[in-house]
1. Across peptide B:104-116, how many C-beta atoms of other chains are within 10 Å of each residue C-beta, on average?
2. Please order B:S17, A:S11 by the number of other Cβ within 10 Å, starting at the fewest.
3. Give me a single rounded figure for A:77-84: the average over its residues of other chain Cβ atoms within 10 Å of their Cβ.
4. Cα to Cα, under 20 Å, and not fewer than 8 places away if on the same chain: which lysines meet these conditions relative to B:K125?
5. Looking at region B:104-213 from every direction and averaging, what is the projected area of its Cα convex hull in nm²?
6. Using every Cα-Cα pair within region A:9-95, state what percent have a distance larger than 18 Å.
7. Using 21 Å as the Cα-Cα cut-off, could you pick out the over-long pairs in A:K170/B:K194; A:K40/B:K76; A:K146/A:K170?
8. Can you order the peptides A:87-94, A:175-182, B:31-38 by their average number of other Cβ atoms within 10 Å per residue, highest first?
Amino acid sequence: MTQTANPDAQSLAEWMRRLAEDQDRDAFAALFEYFAPRIKAYMMRSGSDDVSAEEFAQEAMLMVWRRAASFDPAQASVATWVFTIARNKRIDAFRRNNRPELDPDDPLLLPAAEPMQDDKLEEDQTADAIRTAMADLPAEQVRMLKMAFYEDKAHSEIAEETGLPLGTVKSRLRLAMGKLRTILGETEL
Amino acid sequence: MTAALTSGGAMRTVEPSHHLSDDMLLDYAAGSLDEATSLIVATHLTYCPSCRKRAAELDALGGTLLRDVAPVSLSKGSLESVLARLDQPAEPAPVHAALPANDNPLVPAVLRRYLGGDLDAVTWKNLGMGVQTSEIAMNVEGKRAFLLRVPAGKAVPHHTHDGNEFVLILRGAYNDEIGRFARGDLAISDGSIKHKPVAEPGEDCICLVVVDAPIRLTGPIGAILNLFVKV
Ligand SMILES: [Zn+2]
């Protein structure tokens with residue numbers, strides 16, 4: 001059972017705005033109460049013990065505080081942005097290497113042919129679309145996606161754990177991603 | 001002699017036609033892709049709006065999964081201890097050597113960071129037949145990243161692979177049994193493919209290559225080149 005109330009995307013976005021614009025500590029506290037226990041869960045699923053998982057969650061939330069000004073609601077939802085911070089924290093903590101990322105100011109960045117749509121889906125709609133797509137997937141594929149995302153498992157490890165051949169794991173993950181893409185494409189993410 | 005690099009035409013206006021695989025995108029989004037292959041991904045993403053969209057969708061999946069995960073209670077006083085740290089100075093920013101200002105770069109910034117500058121500052125090692133390489137220093141187990149430069153109009157020796165090979169075109173273009181590969185295009189081959197890329201005339205073909213096993217060159221020239229391409 002979740003102990004924290006589940007705020008809607010609008011509340012998350014509003015807290016994030018107050019954090020970015022006014023360094024509002026109450027807004028930060030609200031975001032912390034919601035996200036920190038989830039980042040901790042994410043870190044534990046990746047193999048951290050309770051104590052280090054909490055430390056990583058705290059450090060990730062400090063990153064949220066420090067980088068709040070760089071959050072761009074036109075680029076990603078709050079949860080997606082926090083996920084990318086937690087993910088990079090995990091890479092940092094577990095792999096001790098860098099995650100090369102494109103430079104958004106790169107003169108070589110090729111813009112999309114059609115301008116980004118202004119009427120982007122609201123966070124809740126995107127999340128709903130993703131949940132709808134996930135609900136349609138066979139349980140096994142959902143489990144594999146979660147193993148890949150949450151448990152830091154290589155495809156070979158997923159194969160080992162599910163007892164399926166590596167090729168089957170890869171093709172089922174591809175199927176799952178194709179299905180997600182179709183649904184997100186239809187809802188014009 | 002290899003042709004001098006010119007920045008003219010460095011801007012790509014057409015999207016690549018050979019893209020990242022689902023496997024690569026998923027592992028990149030999940031954060032489990034090794035650094036060398038991630039460099040290929042980030043370089044391709046710079047050139048490819050379609051793959052950026054796919055990557056953004058997977059990040060959104062990550063965000064949704066984060067919202068839906070069963071939370072784990074924090075220890076008492078966790079929030080307070082973080083609140084107390086908010087005013088402490090931030091840890092030093094990641095050690096990105098500042099890139100020299102460059103309005104007309106030859107390759108994407110993410111790659112220039114690894115090269116320590118632009119393509120024209122790279123030190124090349126001759127492999128013979130005009131083919132050159134330059135290692136990219138990276139501490140990644142089981143992977144090797146390097147630049148490969150094939151003179152315009154020349155062929156890369158026949159070779160097969162023990163493992164996967166990722167080739168991202170940075171300059172020029174080449175053709176092989178699979179098709180035409182130009183700037184931003186990614187060629188993925190596994191052990192089953194024996195191919196012979198030929199650089200198009202006009203401009204040297206320069207690629208970013210990541211291999212996860214030694215390349216085995218076939219034929220008499222290959223035997224000599226093999227001496228140089230050991231992992
Ligand atoms: Zn692409």
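Nothing in this text is a laboratory measurement; each read-out follows from the coordinates by a stated rule. Keep in mind the model is a prediction, meaning the values are calculated, not measured. FYI the Cβ positions are ideal-geometry reconstructions off the backbone, even for glycines, and counts take in every protein chain you see.
1. Numbers: counts 2, 3, 1, 2, 7, 9, 6, 5, 3, 3, 2, 0, 0.
So the per-residue partner count for this stretch is 3.
2. Values: B:S17 13, A:S11 16.
Ranking B:S17, A:S11 by Cβ neighbours within 10 Å, fewest first, gives B:S17, A:S11.
3. Values: counts 5, 2, 9, 11, 2, 4, 11, 6.
Per residue, the average neighbour count from other chains is 6.
4. Hits, sequence-local ones excluded: B:K143, B:K154, B:K230.
5. On the way: hull surface 27.0 nm².
It is 6.8 nm².
6. Working: 1393 of 3741 pairs.
More than 18 Å apart: 37 percent of the Cα pairs in region A:9-95.
7. Working: A:K170/B:K194 23 Å; A:K40/B:K76 14 Å; A:K146/A:K170 14 Å.
The pairs that break the limit, which is 21 Å between Cα atoms, are A:K170/B:K194.
8. On the way: A:87-94: 19.8, A:175-182: 18.0, B:31-38: 22.5.
So the order, starting with the most tightly packed, is B:31-38, A:87-94, A:175-182.
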